[in-house]
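First the structure, in the form of structure tokens, and then the observations on it.
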Amino acid sequence: MNHVKADGLKAMGYRVQIGDKTIAYTGDTMFCEEAVELGDGTDVYIVDCTYPEGAGPEHMGLDDIKVIRERISPETTMVLTHTSSKPALNGLRNVLIAEDLRKFEF
């Protein structure tokens, strides 16, 4: 992943298989091709979406989420996290917003 360009800082994304489900998590990142590749072919993709509109430095925003949504399988459920405020999804399909204490079952 690609976050702040500081000495020694490595931003990591993770992809795991749990039973018959593949789950991926971007961690903190700005938009990069690796973020698209990480989510491709997953069942659940947990994605940084700090900015409720546009895109920004060091983290992704809703414009980045729209690009990823177009490039990965529509069957992949995207869960937005690390939000600074709740983005307006306006018809983005199969996209959920994580909130404190909210539970999801897949």
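The values are calculated or read from the model by the stated rules, or taken from the named source; none is laboratory data. For clarity, every value in this text was computed on a predicted model and none was experimentally measured. For neighbour counting, all protein chains shown are included, and Cβ atoms are generated from backbone atoms with ideal geometry for every residue, glycine included.
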With the structure loaded, tell me whether residue 100 is of a type in the set (Asp, Glu), modelled with pLDDT of 95 or more and out of contact with any Asp or Glu (no Cβ under 6 Å at 6 or more places or on another chain) or whether it fails that test. no
Residue check for residue 79: in contact (Cβ under 8 Å) with a residue 60 or more places away in the chain, crowded, with 17+ Cβ neighbours inside 10 Å and either touching a strand residue (DSSP E or B) at 6+ places or on another chain (Cβ under 8 Å) or within 14 Å of residue 95 (Cα to Cα) (or both): no
Could you check residue 58 against (1) at pLDDT 95 or above; (2) more than 13 Å from the chain's Cα centre (by Cα); (3) closer than 20 Å to residue 1 by Cβ; (4) not aromatic (Phe, Trp, Tyr) and say which number it fails? (1)
Extreme residue, modelled with the lowest pLDDT, among residues of segment 1-52 that are aromatic (Phe, Trp, Tyr) and within 13 Å of residue 81 (Cα to Cα): 51
Given the criteria crowded, with 17+ Cβ neighbours inside 10 Å and either among the polar types (S, T, N, Q) or not in a helix (DSSP H, G or I) (or both), does residue 88 qualify? no
For segment 1-61, give me every one of the strands (runs of 3 or more DSSP E) that falls completely inside it and has 2 or more residues that are aliphatic (A, V, I, L, M) and buried (at least 21 other Cβ atoms within 10 Å of the Cβ). 44-48
